Structure formats: structure tokens, C-alpha cells
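One structure is given below, encoded as C-alpha cells.
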Amino acid sequence: MHTKAILYTLFWTLVLGLTGLLLWNSRGYVSDPETVYFFRERIDTSPEVWKSILIPHVMAGMICLLAGPLLFLPLIKNGRVHAGLGILYALSTLGVMLPTGIWLSFYAHGGWIGRLGFLITGSGMFVATILGLWALRDLQIVSHRHWMMRSYALALSALSFRIVYVTGYTLGLSYEVNYPLSTWLSTVINLVVVEIMIRRSATLNPHPHGERPDEKNHIPHTHVSLPVVSVRQ
Ligand code: HEM
């Protein structure tokens, strides 16, 4: 198998596997939040309203995680379905997950360094999602793809956080160091990976789907290496 195909398969196996794991671990929030350790551990020391902010955050995060693969994997060829899922992704992230996530940041563990990490991740995802939607106004499809890839990469920091945290824990890092470090590292790793993907695709696939630099795609010669569904299809 071609190296690119192997990397692609490994990448999505990891993303889908971790998505499934996080959804499974968070199922208690749907049935009874008191059964979730994270929730029990913090409910007594957090402000009264914290519970009513965390639960919508988790629900919207789950919607975002479910919609992401359907938007980026070439499973859905229909442009209208892609647009519908895109609206769901935008509403769940911009409308609920990010405002609540940013609020929760002020009460997160990890001291001010950890809180700043959450705040930067949330604000970065906010900006990336808005720019991705903004690009659609002028039919800048390539730019739209790239900003939405960055948005999804930042959302996936919820997954990479857990990998980095477990690694730090296994290496014997103290909770005080490991928690804020995982917040920052997960975001930085995801941003580096997504930028590599964007840049690699620019060299491998200069004119995707027949798009020409003189089209309204203001970032010429660029395309994601992942075969995402084009909204033009
Ligand atoms: C798909 C994306 C996301 C999902 C699925 C998700 C899910 C969750 C879950 C399940 C929790 C509770 C922790 C646990 O039970 O282990 C949580 C907490 C939290 N999330 Fe998210 N989240 C996502 C994205 C984000 C983003 C982008 C931010 C950035 C602002 C964020 C900020 C927070 C904060 C600050 C907490 C509380 C952490 C603490 O108190 O230490 N989340 N999230």
C-alpha cells in the first residue's frame, strides 16, 4: 500500500477509535452525570452554575465529534447533506461548545497556565470556524477547507489531550505539571499536524477537482491531502 494511504488509514483509525472511546466514556453525562468521576470530583468545589454549563458543553462536543468525520471523510457525496452537517457543526461549536468551553476555562484545573491553554484553544477554534464560514461567502472553497480543517484539529485537542495526559501520567509527571502541559501540548501537536497536512497537499495536489488559481479560491495551488467532500459536488 502507498505510504500516504497507510498514513491516511492510520490517522482516521486513531481519530475514529478515540472519538468512540470519548463518546463511550462520556455516556454517563447523558444518563446520570453523577456517575462520571470528573463531574463528581468537581461539582462540590465549582460554582452552582458550573453543572448547567458543563453538560451542554459535553453534549455539543459530542455532536461536533460525530459530525467531524462525516464532513471530512469522503463518505457523503451530496453537497446538501454536507451543508446540513456543516450547519450542525457550526451551530454546535459556535453556539454552544465554544462559549461554554471558554466559560469553563476560567474554572479549569491546571492553574492560570492551564486555563490560558484552554482559552487559547477555544478562541483559536472560534476564529478558525468563523473564517471557514466567512470564506464561503465568496466561494473560496480551498480557504474554507483549510480553516475548517484547523477548526476540527482544535476540536480534536479534546482527544489528543487525553493521549498526552495518559503519557505524562505513565511517565510519572505530577498532576500539577501534567494537566496544564497536556492542555498546551495537545493544541500545539494538533496545529502542527494540520499545518503539515495543508502544506503537503499543496505540493501533492496543486489543482484539485480542476480548481484553477484564477478561480475565486484566493489561496491558489492548495488542497487538503485528505479527500474531503467538496461543497461544489
Ligand atoms: C469535540 C470537542 C470537545 C469535546 C468532545 C469536549 C468534551 C469535554 C468533556 C467530556 C469534558 C469533561 C471532562 C471529562 O469528563 O473528562 C470537558 C471539559 C472541559 N472542556 Fe471540553 N470538549 C471539547 C472541546 C473543548 C474546547 C475546544 C475547549 C476550549 C475552550 C474545551 C474546554 C473545556 C474545559 C475548560 C473543560 C473543563 C476542564 C476542567 O475543569 O479542568 N473543550 N470537555
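I'm trying to understand the selection: among the residues of the stretch 70-89, which are within 23 Å of residue 24 (Cα to Cα) and either in contact with a helix residue (DSSP H, G or I) (Cβ under 6 Å, 6 or more places away or on another chain) or at pLDDT 95 or above (or both)?
Passing the criteria: 70, 71, 85, 88, 89.
If you take the residues in the stretch 95-114 that are without any contact (Cβ under 8 Å) to a residue 24 or more places away in the chain and more than 6 Å from the ligand (Cβ to nearest atom), which one is surrounded by the most Cβ atoms within 10 Å (Cβ to Cβ)?
99
In the stretch 22-38, what residues are out of contact with any Leu (no Cβ under 7 Å at 6 or more places or on another chain) and in contact (Cβ under 8 Å) with a residue 24 or more places away in the chain? Explain how you work it out, then say what you get.
Here is the first cut: in the stretch 22-38, the ones out of contact with any Leu (no Cβ under 7 Å at 6 or more places or on another chain) are 24-38.
Result: 26, 29, 30.
Against the condition more than 28 Å from residue 42 (Cβ to Cβ), open to solvent by 60 Å² or more (accessible area, probe 1.4 Å), within 15 Å of the chain's Cα centre (by Cα) and not β-branched (Val, Ile, Thr), how does residue 66 come out, does it pass? Step through it out loud before you land on a result.
Details: more than 28 Å from residue 42 (Cβ to Cβ): no; open to solvent by 60 Å² or more (accessible area, probe 1.4 Å): yes; within 15 Å of the chain's Cα centre (by Cα): yes; not β-branched (Val, Ile, Thr): yes.
Judged against the criteria, residue 66 is not a match.
Give me the pairs, please: first residue somewhere in the stretch 118-129 and touching a residue at least 24 places away in the same chain (Cβ under 8 Å), second residue anywhere and among the charged types (D, E, K, R) and more than 8 Å from the ligand (Cβ to nearest atom), beta-carbon distance under 7 Å, and either six or more positions apart or on two chains.
Filtered contacts from the stretch 118-129: 128/150.
Can residue 38 be described as aromatic (Phe, Trp, Tyr), within 13 Å of the ligand (Cβ to nearest atom) and open to solvent by less than 70 Å² (accessible area, probe 1.4 Å)? Talk me through it step by step, then tell me what you get.
Numbers: aromatic (Phe, Trp, Tyr): yes; within 13 Å of the ligand (Cβ to nearest atom): yes; open to solvent by less than 70 Å² (accessible area, probe 1.4 Å): yes.
Answer is yes for this residue.
Considering (1) within 18 Å of residue 153 (Cβ to Cβ); (2) surrounded by fewer than 17 Cβ atoms within 10 Å (Cβ to Cβ), say which one residue 60 fails and leave the rest.
Unmet for residue 60, out of (1) within 18 Å of residue 153 (Cβ to Cβ); (2) surrounded by fewer than 17 Cβ atoms within 10 Å (Cβ to Cβ): (2).
Somewhere in the stretch 116-129, is a residue more than 9 Å from the ligand (Cβ to nearest atom), hydrophobic (A, V, I, L, M, F, W, C), open to solvent by less than 20 Å² (accessible area, probe 1.4 Å) and at pLDDT 95 or above?
Yes, there is a match, as at least one residue in the stretch 116-129 is more than 9 Å from the ligand (Cβ to nearest atom), hydrophobic (A, V, I, L, M, F, W, C), open to solvent by less than 20 Å² (accessible area, probe 1.4 Å) and at pLDDT 95 or above.
If you take the residues in the stretch 161-197 that are under 16 Å from the mean Cα position of the chain (by Cα) and charged (D, E, K, R), which one is least open to solvent (accessible area, probe 1.4 Å)?
195
Give me a count of the residues in the stretch 71-94 that are among the basic types (Lys, Arg) and free of Cβ contacts under 8 Å to residues at least 60 places away in the same chain. Write out each step before concluding.
First, the residues of the stretch 71-94 that are among the basic types (Lys, Arg): 77, 80.
Adding the requirement that they be free of Cβ contacts under 8 Å to residues at least 60 places away in the same chain leaves 80.
So the count comes out to 1.
Just one of (1) open to solvent by less than 20 Å² (accessible area, probe 1.4 Å); (2) more than 24 Å from residue 28 (Cα to Cα) trips up residue 92, so point out which.
(2)
The values are calculated or read from the model by the stated rules, or taken from the named source; none is laboratory data. Everything numeric here is computed off the predicted structure, so don't read it as measured data. Counting neighbours? That spans all protein chains shown, and the Cβs are built from the backbone with ideal geometry, glycine included. Remember, those area values only see protein heavy atoms, side chains included, never the ligands or the DNA or RNA. Shrake-Rupley method; radii C 1.70, N 1.55, O 1.52, S 1.80 Å.
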